[in-house]
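The values are calculated or read from the model by the stated rules, or taken from the named source; none is laboratory data. Here the structure is a predicted model, which means the values were calculated and not measured. Here the Cβ is made from the backbone with ideal geometry for all residues, glycine too, and neighbour counts use every protein chain on show.
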Amino acid sequence: MAHIIVVGNEKGGSGKSTTCMHVATALARLGFRVGALDLDLRQKSFGRYIENRRAYVARAGLSLPTPDYRDLPEVDPASLQPGENPYDARLSAAIAALDPVSDFVIIDCPGSHTRLSQVAHSLADTLITPLNDSFVDFDLLARIDPETNKVKGPSIYAEMVWNARQLRAQAGLKPIDWIVLRNRMGAQQMHNKRKVGAALEQLSRRIGFRVAPGFSERVIFRELFPRGITLLDLKDTGVDQLNLSNIAARQEVRDLMRELALPGVTPDF
């Protein structure tokens, strides 16, 4: 069975699609068969990223390892069982099609609470939650006392993950390996960074996730999207000399792949 990686956060702008693309491409470059789904049926940023990649390699005459992206299939309403949700059926059909031809399936969830996102979380073997390094985003995971910075209790997204874990346990499936990525950590605001870090460590012990460094705020990530390439592709696209920022960003991708500790994956790129 394919190992399912879900990238989720109910707040937009946290770097979910960038994370999806870099993890998916890293696995493809390591020789794994990678399926890809985008559950944001309106924006489809992850899907468009891969479409940009396909168009770019066709124009440039390149051969770059590329995830197998598929839209959710439509379903005939007449084929649904009584009470069956059509979105559940569409996601189940997509997973069933990708599972036999994939080692990993990466699912990008929308930046809002939807039925598709809820179901996808219950399917996750690995859950990655990119989080901008601020208490504004932290509030999605937990409520915090403004005077003491102590965690008062889990918030809406953490509760959804808890429900997904319960569903998996009831089905006899292995627990979700949940990783929270600290994205966009700037060099400044060290005091705030320490406070957010301390709160995350406290919460991780309480509700069970691992904290990992994600991607810093860099212009390069926005520049790569139109061509559909990642930091791991730069040398293959004719960029021989990388500046220090690009080298540091590529190292962040390597570090992330090691932190994920995916089964059978030894990052070597």
*Does the stretch 52-61 contain any residue that is more than 27 Å from R168 (Cα to Cα), β-branched (V, I, T) and over 19 Å from the mean Cα position of the chain (by Cα)?*
yes
*Could you tell me which of the residues V136, V151, V119, V105 is free of Cβ contacts under 8 Å to residues at least 60 places away in the same chain, of a type in the set (A, V, I, L, M) and touching a strand residue (DSSP E or B) at 6+ places or on another chain (Cβ under 6 Å)?*
V151
*Name the helices (runs of 4 or more DSSP H) wholly inside the stretch 98-211 in which the number of residues that are touching a Phe, Trp or Tyr at 6+ places or on another chain (Cβ under 9 Å) is 1 or more.*
115-123, 156-170, 190-207
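Could you tell me which residue of the stretch 57-84 is farthest from I106 (Cα to Cα), considering only residues that are part of a loop (DSSP other than H, G, I, E, B) and small (G, A, S)?
Restricting attention to the stretch 57-84, the residues satisfying the condition of being part of a loop (DSSP other than H, G, I, E, B) are 61-67, 70-76, 80-84.
Those left that are additionally small (G, A, S): 61, 63, 83.
Details: G61: 26, S63: 21, G83: 28 Å.
Per the criteria, the residue is G83.
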*Working carefully through the options R222, R258, R210, R254, find the one that is at pLDDT 90 or above, within 17 Å of the chain's Cα centre (by Cα), within 30 Å of A55 (Cβ to Cβ) and surrounded by fewer than 17 Cβ atoms within 10 Å (Cβ to Cβ).*
R254
*Among the residues of the stretch 25-56, which ones are at negative phi and in a loop (DSSP other than H, G, I, E, B)?*
L30, F32, R33, L39, D40, L41, R42, Q43
*Here are some conditions: (1) out of contact with any Gly (no Cβ under 8 Å at 6 or more places or on another chain); (2) among the acidic types (D, E); (3) assigned to a helix (DSSP H, G or I). E252 meets all but one. Which one does it not meet?*
(1)
